[in-house]
1. When the chain is fully extended, how far beyond the present Cα-Cα distance does residue 150 get from residue 289, taking 0.36 nm per residue of separation?
2. Springs between alpha-carbon atoms under 10 Å, Gaussian network over the chain: tell me which of 224, 202, 289 tops the mean-square fluctuations.
3. Above 20 Å lies some portion of the pair distances; for segment 158-284, what is it as a whole percent of all C-alpha pairs?
4. Can you tell me the 0 to 90 degree angle between the C-alpha axis of helix 241-253 and the longest principal axis of the chain, rounded to 10?
5. Relative to the longest principal axis of the C-alpha atoms of the chain, give the angle of the C-alpha long axis of helix 29-42, reported between 0 and 90° and rounded to the nearest 10°.
6. Pulled fully out, how much extra length does the chain show between residue 229 and residue 253, if you take 0.36 nm times their separation in residues and subtract their Cα-Cα distance?
7. Can you put 81, 72 in order of Cβ neighbours within 10 angstrom, beginning with the fewest?
8. Highest GNM mean-square fluctuation, the chain, Cα pairs closer than 10 Å: which of 29, 157, 318?
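Values in this text are rule-based calculations from the coordinates and carry no lab data. Source: prediction; values computed, not measured. Every residue, glycine among them, receives a Cβ derived from its backbone with ideal geometry; neighbour counts consider all protein chains shown.
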């Protein structure tokens, strides 16, 4: 018997059951009596984690993630752990199996642990299925690097970021550009593609496009496709650093010198950007700061749940174009 079973039997959310168990004064008397009666009827015994919420329910936060980019997750976890430590918040992690969406049962088990809110990483932040489960439980949510209308969203302006990097490559003299799209289930992928396309159309340059999913492996496949083109691009922009790093590897295998024979750029400014040879020209997406800001906003809403419309907050942080050695003018201007 779990808190989910009690909630279903009583016709309320799991969070309401938690509030009753913990003596929250914000619960109506009739609701409290209904939940209490249901608990007795089902012979439910609150678990240890639920009992621990008596003094700081709002600071027990679930983190659900399933992201193929190790670099992104490294920055995200650093930011969310540091902010949680500063706020004395307890984080409960749930990872999707093999990088996929966690099962309904796994998410319900996380809810049953007594969490007061959830932070979601891409691509799960834009999963309608996941958000529906959490919304039904009455939990506030914060989405990092994604845009949704029913949760706090924190990210950068992906369209402008890709547009600015594309303009940079064009300013170097490149007239045939390649682009690798990220995970199609993420709004950032479409926004970055739109930014690239807009800048290319504005300058009247040729483009070729390949599709990936933000993973290094997908970048290897996409890089091969672009360079196998009859007229290969002189510069390739990948939607993140992991895929850009893969393109650098493909270039090396083909005995192409970067950036003399091929310019390569990415987005994120992850660890990979500075450990590659040559170091990667990229857009610095402040992943650590995004995670920390998302957690701050989530905690603020958890502490003031009566504040209507708070979950519609959309916050954008600044990005920076960082020029390194992986880009240069093409050998022959076209």
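1. Working: separation 139, 0.36 × 139 = 50.04 nm, distance 2.17 nm.
Stretched fully, the residue 150-residue 289 segment lengthens by 47.9 nm.
2. It is 202.
3. Values: 2581 of 8001 pairs.
For segment 158-284, the fraction of Cα-Cα distances above 20 Å is 32 percent.
4. So the helix axis and the longest Cα principal axis differ by about 30 degrees.
5. It works out to around 90 degrees.
6. Working: separation 24, 0.36 × 24 = 8.64 nm, distance 1.64 nm.
Gain on extension, residue 229 to residue 253, equals 7.0 nm.
7. Values: 81 17, 72 25.
Listing 81, 72 from fewest to most nearby Cβ atoms yields 81, 72.
8. It is 29.
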